[in-house]
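The values are calculated or read from the model by the stated rules, or taken from the named source; none is laboratory data. Here the structure is a predicted model, which is why all the values come from computation and not from measurement. Because the Cβ atoms are built from the backbone with ideal geometry, glycine has one as well, and the counts that use them run over all protein chains shown. Note: areas computed on protein heavy atoms with side chains; ligands, DNA, RNA excluded. Shrake-Rupley method; radii C 1.70, N 1.55, O 1.52, S 1.80 Å.
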Amino acid sequence: MCSNDRTAENFEKVKKVLDGMGIKYTIDEDEKMFRFSVEITSKITCITYRVVVFNDAVLVCALSPIAAPYKDRKLMREATEMICRINYGFRIGSFDLDVRDGQLIFRCYVDFEDADPSDGMIENAIVCPSSMFCRYGDAIADVFFGAASAKEAVFLAEHSDKVTGWFDGVDDSGSDDGDGDDNDNDDVDDGDDDGIDDSDE
């Protein structure tokens, strides 16, 4: 452990931010972890958070309540393609898919080894996963249950007007593209014209 350990100090900073956001949580003192759940506006209606505090960082993980169909090879190919399509261009965090059991997590890691974390840094890291699940939750559910292809589902998610926040008044932009998420890939050419007609898929 570092000689100048700031874990306890950072833990109190995270606690202050969570309290200010009105989040009801439980605490694991041994693991320096906050646990809580939030309801969101998508086909995935609720996600579970684990916020772990370290000496020089905060790790924010949001867990999906539904898992990818890891025993179905065809659907898993679509699921993994979907995650690659979603994650491309992300600036803050990413979706992680465990191919062994289908578990899906959105993970943000805030490193402040040489700086004091601001309330805004912590708040953005907490809001970001919920925003991503709000935006991509329908796509995730559709692909996991075989209702849409990865390409179609992501295209629809990224061209939707759905609100991507869960707290009124919280700045959850996380990017410079002005669309309320932290993904800058909305206008990136993925190698085709994306009119989505891929009749051979």
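See the values below:
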{"quantity": "Whichever lysines have a C-alpha closer than 30 Å to that of LYS74, once near sequence neighbours (fewer than 8 apart) are set aside", "calculated": "LYS43, LYS151, LYS162"}
{"quantity": "Accessible area in the full protein assembly, largest first, 1.4 Å probe, for ILE92, ILE44", "calculated": "ILE92, ILE44"}
{"quantity": "Largest to smallest accessible area among LYS71, LYS43, LYS32 [probe 1.4 Å]", "calculated": "LYS71, LYS43, LYS32"}
{"quantity": "Reach of LYS32 by Cα under 19 Å, taken over lysines that are not fewer than 8 positions away in the same chain", "calculated": "LYS13, LYS15, LYS16, LYS24"}
{"quantity": "Cβ-placed point charges (K, R +1; D, E -1), dipole of segment 53-139 about Cα centre in debye, nearest 20", "calculated": "720"}
